[in-house]
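Engineer: Encoded as structure tokens, here's the structure I'll be asking about.
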There are 2 protein chains.
Amino acid sequence: MPATAADQLSTVFSALADPTRRAILAELADHNATVSDLTATFPISMPAVSRHLKVLEHASLISRSQQGRWRTSQLEAAPLRDAAAWIERYRRYWDASLDRLDAHLAAIQAADRR
Amino acid sequence: MPATAADQLSTVFSALADPTRRAILAELADHNATVSDLTATFPISMPAVSRHLKVLEHASLISRSQQGRWRTSQLEAAPLRDAAAWIERYRRYWDASLDRLDAHLAAIQAADRR
DNA sequence: ACTACATTTAACGAGATGGTTAAGCAAGTG
DNA sequence: CACTTGCTTAACCATCTCGTTAAATGTAGT
């Protein structure tokens, strides 16, 4: 059974919902890291880190490679593109320069143009 | 005790993790809606809708107003700005070329200039 | 083979989630 | 007042989540 786009988005958003996982992604943006590295960085046990990595991998937000006993994690930001794209559609609703009426009109026009 | 920025982000992301809630936000982007409206739109019970709205309200993604017996929900997209800002920091990791990053930054600046 | 080390898996517990049905509340209507 | 209506709350259930500690797995070194 193929994962739907909505499922994928849900998986990504729920992966991002945990502050430790977001911090792990930030860490991996700086440098790849082993499970031990991350365990040293965060105040949780290694099994806890391991499961966070599993969640991130399942969301395709990281990839992992094994070099001997060490498994290093690497950031894979592609799913964030989809998440950003989903959120972007609401930009007009939070942009301060537009009031709510303008936002509504912009939405209508955007829909009509297509 | 003040909610930290990280907590707020977590709340928003976890609110977005549910496909029904994302669909509710999409619905509210088109038009404000009562609980009954949303219950008619989605294949879940009214109490389920009511609780989704509670979650969205707690994440400040909607605001609610009471007019007689009807409680209409309105999209409040401001928290999405923070979510987008968090994700944006990773754009360079998913953008193929730095040129496109530059283009994006230029586009953002152009938008801000308005 | 034995030992050391990095990591995962298993088992557990507290608490959240998302759905249901049934009951309670508040606001208009006969 | 009694009744309906829109919505929320309560109670329940199955499942997931995030942490723990202890055991298992796998790879490297001697």
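Engineer: Taking each label point as 7 Å beyond Cα in the direction of the beta carbon, state the distances from B:Val55 to the same residue in the other copies, shortest first, in nm.
Structural biologist: 1.4
Engineer: Taking a label point 7 Å from Cα toward Cβ, how far is A:Ala26 from its twins in the other copies, in nm, shortest first?
Structural biologist: Nearest to farthest, the other copies are at 3.1 nm.
Engineer: Measuring from centroid to centroid over Cα atoms, what is the spacing of segment A:15-88 and segment B:1-73 in Å?
Structural biologist: Each part's Cα centre sits 29 Å from the other's.
Engineer: Amide H neighbours of A:Ile62 under 5 Å, at least 5 residues apart or on other chains, H built in the peptide plane: list them.
Structural biologist: Under 5 Å from the amide H of A:Ile62: A:Glu57, A:Glu76.
Engineer: List the distances, in nm and shortest first, from the label point of B:Thr41 to the matching label points in every other copy, placing each point 7 Å from Cα along the Cα-to-Cβ direction.
Structural biologist: Computed spacing set for this position: 3.9 nm.
Rule-based calculations on the coordinates, nothing more; no lab input. Predicted model, so just to flag it, every value in this text is computed and none were measured. Cβ sites come from the backbone with ideal geometry, for glycine too, and all protein chains shown count toward neighbours.
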